[in-house]
Amino acid sequence: MIDFNQNHYKRHLESKGWNNSKVEDLCDELHDIDEFFHQTFTSALYQNAVKCDCGQRGSWANSLILGISDYHCQYLLTYVAECYQMVLRIHRRAEQEVTVSNMGRELTLLAGEDSLINLEFYLTGLCLNTLLGFEEGKKEILDFAFSDFKSAMTSPVPEVCEAFFDLFKAYFANEQDKSVRDALMDNLYPYLQMGVIESKSEEFVERYYQFLFMPLYSIVAHSWGYDKTDLDTTVKAAMEANYEYYAYFAPQPGQKKGDESLDLFGSEAYIHHHIMAFLAVHYRHTGKTVSFQSDYIPEWVIKGEGPTREEVLANPPVFDLEHVLGNQ
């Protein structure tokens, strides 16, 4: 069971005395990534390299857990949010010339279609750019139609996938038309009933939607006034569901489950970036957020209180121990 007051990954690092070594590892890793990037920012190599760089979401999550300076955290968020944006841009412009950017640098290449993009990847790109407060990136991602994914948006239940996609897009776009909201909620509601998704696919697929996406639906329902459950209860239920998914359903057969699940050490399990972004949208429109503090959902990120994208790009931080720990 999740402890809202004590992040399980942070507790693990502290119990092992690994905090300082993890900070050192983060600095070394980012130095290597920077060198790798300079070698791969070419028309021939970038398209594959940027997919790998999306994995730096884990470095951003680690930076939040390790408590390094907000400036460094925001720089990492800027980097990884743009990586997701560029992968989606390349996919949408398949077989066309496209200009891509990374931290102020630009490159033109012939885009190829990505066969691995799914709803979770799309939503993560949207959430990261929302948390960053980068309206241009958010708008580009919101311009996607479900049909833009072509064959890449593979799902055993495409109609369910599309229903969530449409609702989440409308939420982040601040849809105001109540008739549109009603239609989106009504379209998705049948799939929330236990057994419906499983009847169209299998149990694991239903659990995937039940634990990772239905709780986000509940936040939308609260924010739009369809559900009167208080925000704290709604968000805690979403956090609990996220934890349970990685504790009990993500592990492969034969692997440990529960609190010993190795999947709990993936960044999706200890920084709830989707929940954070849905809360950020609610906060920007209402001025309200949850009343409790939790390392799973850092409040300063939700409220957009860190340095801006423009600030960190204008003055990139130094990734060495003294600067990362805020001693310089």
In the range 183-236, the residues that are surrounded by fewer than 14 Cβ atoms within 10 Å (Cβ to Cβ) and of a type in the set (Lys, Arg): Lys228
Which condition does Tyr243 not pass, out of (1) within 20 Å of Thr130 (Cα to Cα); (2) within 16 Å of the chain's Cα centre (by Cα); (3) buried (at least 18 other Cβ atoms within 10 Å of the Cβ); (4) not polar (S, T, N, Q), if it passes all the others? (1)
From the residues in the range 131-181 that are more than 17 Å from the chain's Cα centre (by Cα) and in contact (Cβ under 8 Å) with a residue 60 or more places away in the chain, which one is surrounded by the fewest Cβ atoms within 10 Å (Cβ to Cβ)? Asn174
Give the range 283-327 a look and list any residue that's among the small types (Gly, Ala, Ser) and part of a loop (DSSP other than H, G, I, E, B), or say none. Gly287, Ser291, Ser294, Gly304, Gly306, Gly326
Just to confirm my filter: which helices (runs of 4 or more DSSP H) fall fully inside the range 122-229 and include at least 1 residues that are farther than 21 Å from Tyr243 by Cα and among the basic types (Lys, Arg)? 135-142, 158-172, 178-188, 196-200
Closer than 21 Å to Leu119 by Cα and of a type in the set (Phe, Trp, Tyr), is that true of Tyr246? yes
Please find, within the range 281-304, the residue that is farthest from Asn102 (Cα to Cα) out of those that are within 19 Å of the chain's Cα centre (by Cα) and without any contact (Cβ under 8 Å) to a residue 24 or more places away in the chain. Tyr283
Only one of these is within 19 Å of Leu64 (Cβ to Cβ), surrounded by 14 or more Cβ atoms within 10 Å (Cβ to Cβ) and not aromatic (Phe, Trp, Tyr): Pro251, Pro298. Name it. Pro298
For Glu82, indicate whether it is surrounded by fewer than 18 Cβ atoms within 10 Å (Cβ to Cβ) and acidic (Asp, Glu). no
Quick check: anything in the range 65-72 touching a Pro at 6+ places or on another chain (Cβ under 6 Å) and not charged (D, E, K, R)? yes
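Values in this text are rule-based calculations from the coordinates and carry no lab data. Everything quoted here is computed from the prediction, not taken from an experiment. Every residue, glycine as well, gets a Cβ built from its backbone with ideal geometry; the counts of neighbours run over all protein chains shown.
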